[in-house]
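The values are calculated or read from the model by the stated rules, or taken from the named source; none is laboratory data. If you're wondering where the values come from, they're calculated on a predicted model, not measured in any experiment. All Cβ positions, glycine included, derive from the backbone under ideal geometry; neighbour counts span all protein chains shown. Please note that ligands, DNA and RNA were not included when accessible areas were found on the heavy atoms of the full protein model with its side chains. Shrake-Rupley method; radii C 1.70, N 1.55, O 1.52, S 1.80 Å.
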Amino acid sequence: QVQLLESGGGLVQAGGSLTLSCAASGRIFTANTMAWYRQAPGKQRELVAAITRGAVTNYADPVKGRFTISRDNVKNMVYLQMNSLKPEDTAVYYCYADIRTSIGVVPTTYWGQGTQVTVSS
């Protein structure tokens, strides 16, 4: 069993910064791509940023230049540094991980429970 636990959400004023963390625990052989998604009220869940095991990153256009994704392969953690936050960044942020639980096993996608980020104007 694998669990993803996010932390670091909260309320911040526009222009401020927050750092989200996600820890993957349980039966983990390798964590492949890890990512952050977000879902605002009334909207679909959308990709914010993703990072491969080899640290290749991909960002959604609205966050490019403001957010930075990073990871620690030893600790099976992924981080999202969010700077210059805007009210439109308000959403529940979800951690995503593509995890292989054993050698030869097909990777499975796991999601965290989500952490609320609220940016006030």
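Heavy-atom accessible surface of the chain, averaged per residue, reaches 53 Å², computed with a 1.4 Å probe.
Using +1 on the beta carbon of Lys and Arg, -1 on that of Asp and Glu, and nothing else charged, what's the dipole of the chain about the Cα centre, debye to 20? My answer is approximately 180 debye. A viscosity of 0.692 mPa s and a temperature of 37 °C, combined with the Kirkwood radius over C-alpha pairs in the Stokes-Einstein formula, give segment 1-64 a diffusion coefficient of 238 µm²/s.
Output the direction-averaged projected area (hull surface divided by four) of the convex hull of the alpha-carbon atoms of segment 20-121, in nm². The partial results should precede the final answer.
On the way: hull surface 26.7 nm².
Projected area, direction-averaged: 6.7 nm².
Between the residues M34, A91, A60, the greatest Cα displacement towards the positive end of the dipole of the chain, with unit charges on the Cβ of Lys, Arg, Asp and Glu, is found for M34.
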